[in-house]
Amino acid sequence: MAASSAMQSILARPPLNRVVSNRSTNRVNQFLIPTSFVPHLPRYASVRVRCMAEEDQQEQPKPVTTSPSPPQPQQTPRPAPKVSTKFSDVLAFGGPAPERINGRLAMIGFVAALAVELSNGQNVFEQISNGGIPWFLGTSIVLSFASLIPLFQGVSVESKSKGLMTSDAEMWNGRFAMLGLVALAFTEYVKGGTLI
C-alpha cells in the first residue's frame with residue numbers, strides 16, 4: 001500500500017527539488033534516491049487504491065460455518081472469452097502464432113536436414129546451396145498459412161490439445177527443434193563436414 005501511495009503521489013505531483021529526510025532519525029537521503037524524483041508526502045494524504053483484477057480473478061470469500069448450509073443454486077459456467085482474431089494480436093510478440101509457426105518449421109527442418117544428410121551425405125549448407133531455398137520458402141509459406149487460418153477463425157490452440165498431444169508439448173518440441181537445427185548447423189560448420 002505504501003508503494004501504491006508513493007507511485008500515485010509521484011504521478012500526481014511534479015517532482016520537488018528538496019532533500020528528503022526521515023523525521024524520526026533525521027537522516028538525509030539514506031537510500032541514495034535522487035531528490036528530484038522523490039515528492040514530499042503530507043502526513044495525512046488521502047490514499048486511493050483501485051483494484052485492477054477482473055471479476056473472474058477475484059477470490060470469493062468463503063463463509064466459515066459449522067452448521068450445514070442450505071443447498072445453493074448451481075451457477076452456470078461462463079463461456080470462455082473469445083480469442084482475438086486481429087492481425088496485430090495474433091502475430092504479436094507474445095501472441096499465439098510466432099513461436100508456434102517457428103517451432104513447427106524447425107521441427108520439419110530438423111527432421112528433413114537429418115534425413116537428407118543420411119541419404120545423400122550432404123551437410124546443411126550444401127543442402128541449402130543445392131536447391132534447398134525453394135523448398136524452404138514453399139514449406140514456410142504453406143505451414144504459416146495452415147497455422148494462421150485457424151487462429152484468424154478464433155480457434156485457440158489450447159482448445160484442440162488433448163491427451164498426449166498438448167499445446168505445451170508442441171511448444172517444447174518446437175523449442176528443442178530450433179536449438180537442434182542451430183546446433184546441427186554450428187557443429188557441421190565447426191567440423192567442416194557432415195555430422196554423421
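The values are calculated or read from the model by the stated rules, or taken from the named source; none is laboratory data. Everything quoted here is computed from the prediction, not taken from an experiment. Glycine gets a Cβ as well: all are built from the backbone with ideal geometry, and neighbour counts include every protein chain shown. Just so you know, the surface numbers come from the protein's heavy atoms only, side chains and all, with ligands and any DNA or RNA stripped out. Shrake-Rupley method; radii C 1.70, N 1.55, O 1.52, S 1.80 Å.
Points worth noting:
- Taking θ as phi - 60° and the Karplus parameters 6.51, -1.76 and 1.60, the scalar couplings of the stretch 150-164 work out to x, 5, 6, 8, x, 8, 7, 5, 5, 6, 9, 8, 9, x, 6 Hz in sequence order, x denoting glycine and proline.
- For the stretch 127-196, size of Cβ-based charge dipole, Lys and Arg +1, Asp and Glu -1, in debye: 40 debye
- Heavy atoms of V142 accessible to a 1.4 Å probe, total area in Å² rounded to 10: 100 Å²
- I108 contributes about 80 Å² of solvent-accessible surface, heavy atoms of the protein only, 1.4 Å probe.
- Couplings 3J(HN,Hα) for the stretch 131-146, derived from phi with the Karplus relation 6.51 cos²θ - 1.76 cosθ + 1.60 (θ = phi - 60°), are x, x, 5, x, 5, 5, 5, x, 5, 4, 5, 4, 5, 5, 5, 5 Hz, where x marks Gly and Pro.
- Order of exposure, largest accessible area first, which applies to F152, F125, F176 with probe 1.4 Å: F176, F125, F152
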